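Since the structure comes first, as structure tokens, the remarks are kept for the end.
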Amino acid sequence: MYPFPFTILGALLAWATVYAVGFRKQRWAEFILGLAAFFLAMIVQNPVQQLPLLGIGIRSNADVVARGTAFTVAVALWLGLAAGFVQEGVKYYLVRERRLREAVFVGLGFGVTEAVVIAIATAIPLITRGLSPEVPLLNALVSMGERYFTTLFHVGTAVLLAYYAQKGLGKRGLLYMIGLHTVLDTGAAYFQLAFFMEPRPVHTLNVLAYFLEAAVAVVGILVFAYGALKALSEPEVEERPIW
């Protein structure tokens, strides 16, 4: 079973959920803005994450784990913090003066684009090296679920960033969203780094995988639900130019 269509399908199911809960009017301009926001975030995020590590001689994941557990945890925390700061910072900049219903589609564009890019970035190295990209059906379904909840998370955080900005509490809201994002991405970063440990802590990785999937699901649903309720309570208004 190829996992790549499932990764994209997870994001599309999140889109369907956004539609089903009441956001029937598709805001394509904001969706495209979210798409652009993702690429802008990646352009900034990669050097922010990697340059400090390169400066201390880290060239690979194996170099990280070779320096011990404490250093690995610290690097995972740095990667998670940098991702949270950059991604939520970019979203905040773009939604801080927008209506909540508009922010929904900025977050949706961000999340769907992320899913497509991850699917392509995962597939290309395997195909070009002649490796089989097939995985068990359960793994493909897990990948789909992860993208579903992650996309909902991006929608919810975009809405809440706009909501806090409307209340004059934009910086506080930004810190909240960075914190949530940091926790989730730190766990994911540590999970990836742990694969390079010798001997590989299989039991720990299995437990961490289940914990991460559950955390992403719970946080994604809660953040989306809270954000969706705020956005749905906002009345529709006449459209205005986005740019």
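What does the C-alpha gyration tensor say about the overall shape of the range 66-201? Classify as rounded when a/c is under 1.5, otherwise prolate if a/b is larger than b/c, or oblate.
Note, shape of the range 66-201 comes out oblate.
In Å, the Kirkwood hydrodynamic radius of the range 79-143 over pairs of distinct alpha carbons?
Kirkwood hydrodynamic radius for the range 79-143: 14.4 Å.
Can you give me the angle between helix 100-128 and the longest principal axis of the chain, using Cα atoms only, in degrees from 0 to 90, rounded to the nearest 10?
30
For the chain, the longest stretch holding no GluC sites (Glu not before Pro) located in a DSSP loop with at most 10 other Cβ atoms within 10 Å is which?
With GluC sites (Glu not before Pro) excluded where exposed in loops, the chain gives 1-235 as its longest stretch.
Any lysines with Cα under 23 Å of the LYS167 Cα? List them, leaving off those in the same chain fewer than 8 positions away.
Partners within reach: LYS91, LYS230.
Given just the C-alpha atoms of the range 1-131, how large is their convex hull per residue in cubic angstrom?
148
Under the 0.36 nm per residue contour assumption, what length would be gained going from the current alpha-carbon distance of GLU236 and TYR2 to full extension?
Roughly 80.1 nm would be gained on extension.
Which of these, ILE120, ILE221, ILE56, has the largest mean-square fluctuation under a Gaussian network model of the chain (Cα springs below 10 Å)?
In the Gaussian network model the winner is ILE56.
Which chymotrypsin sites (Phe, Trp or Tyr not before Pro) does the range 172-204 hold that lie in a coil by DSSP with at most 15 other beta carbons within 10 Å?
PHE195, PHE196
Taking the simple approach of a point 7 Å from Cα along Cα-to-Cβ for both ARG59 and TYR19, what is their distance in nm?
For the pair ARG59/TYR19, the computed spacing is 5.0 nm.
Normalised by the number of residues in the chain, what is the relative contact order in percent for Cα pairs under 8 Å and 6+ residues apart?
33
Based on a Kirkwood Rh over C-alpha pairs, give the Stokes-Einstein translational diffusion coefficient of the range 3-232 at 25 °C and viscosity 0.890 mPa s in µm²/s.
Estimated diffusion coefficient is 135 µm²/s.
Where in the range 206-228 does the label zone of LYS167 land, with the point 7 angstrom along Cα→C-beta and an amide N cut-off under 16 Å?
Only 223-228 fall inside the zone, counting backbone N under 16 Å.
After finding the eigenvalues of the alpha carbon gyration tensor for the range 145-228, what semi-axes result from the square roots of 5 times each, listed largest first in whole Å?
Its equivalent ellipsoid spans semi-axes of 30, 14, 8 Å.
Every number in this text was worked out from the coordinates using simple rules, so none of it is lab data. Keep in mind it's a predicted model, so treat the numbers as computed, not measured. Positions of Cβ are backbone-derived with ideal geometry, glycine not excepted, and every protein chain shown enters the neighbour counts.
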